[in-house]
Amino acid sequence: MKTSIKSATMALGLLFALVGPSAAVEANFTCSGGTKVRATFSDPNVSPGSVVLVFSDAGQVTLPQVMSADGGRYAADNMEFWTKGQGATLTMNGKVENCEVD
């Protein structure tokens, strides 16, 4: 697990180096409950940050970045998307799903 997190961190660092510091990052996730979501994270130079989540069956939502002790956390109303390494936790209306990058 530590190796994959380190690899993911290095890969993101390389991606930022190649595309420059002002590029948004996009990733596709599949969640434990079957939810498929594409996440587009705002430019890292934008403060506060945000993520646009596009669901394969339910439209899209933009969540603002909120305080987090670890990982990237985005939340509003009854939804939270919390990323760390290659995974994320998606909470919608109290239902929690664990998600992995495709």
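The values are calculated or read from the model by the stated rules, or taken from the named source; none is laboratory data. What you are looking at is a predicted structure, and each value in this text was computed from that prediction instead of being measured. All Cβ positions, even for glycine, are placed from backbone atoms using ideal geometry, and neighbour counts span all protein chains on display. Only protein heavy atoms, including side chains, enter the accessible area calculation; ligands, DNA and RNA are left aside. Shrake-Rupley method; radii C 1.70, N 1.55, O 1.52, S 1.80 Å.
Would you mind counting up the charge near Phe29? Only other residues with Cβ under 12 Å from its Cβ, with Lys and Arg at +1 and Asp and Glu at -1. It would help to have the intermediate numbers written out before the result.
Values: positive: Lys36, Arg38; negative: Glu26, Glu97, Glu100, Asp102.
So the environment of Phe29 carries a net charge of -2.
Which length gain, in nm to one decimal place, applies between Ala69 and Asp43 when the Cα-Cα distance is subtracted from 0.36 nm times their residue separation? Walk me through the intermediate numbers first.
Values: separation 26, 0.36 × 26 = 9.36 nm, distance 2.02 nm.
Difference between extended and current length: 7.3 nm.
With a 1.4 Å probe and all protein chains in place, put Arg73, Arg38 in order of accessible area, largest first. Present the calculation step by step, with values, prior to reporting the outcome.
Details: Arg73 65, Arg38 95 Å².
Highest to lowest solvent-accessible surface, that is Arg38, Arg73.
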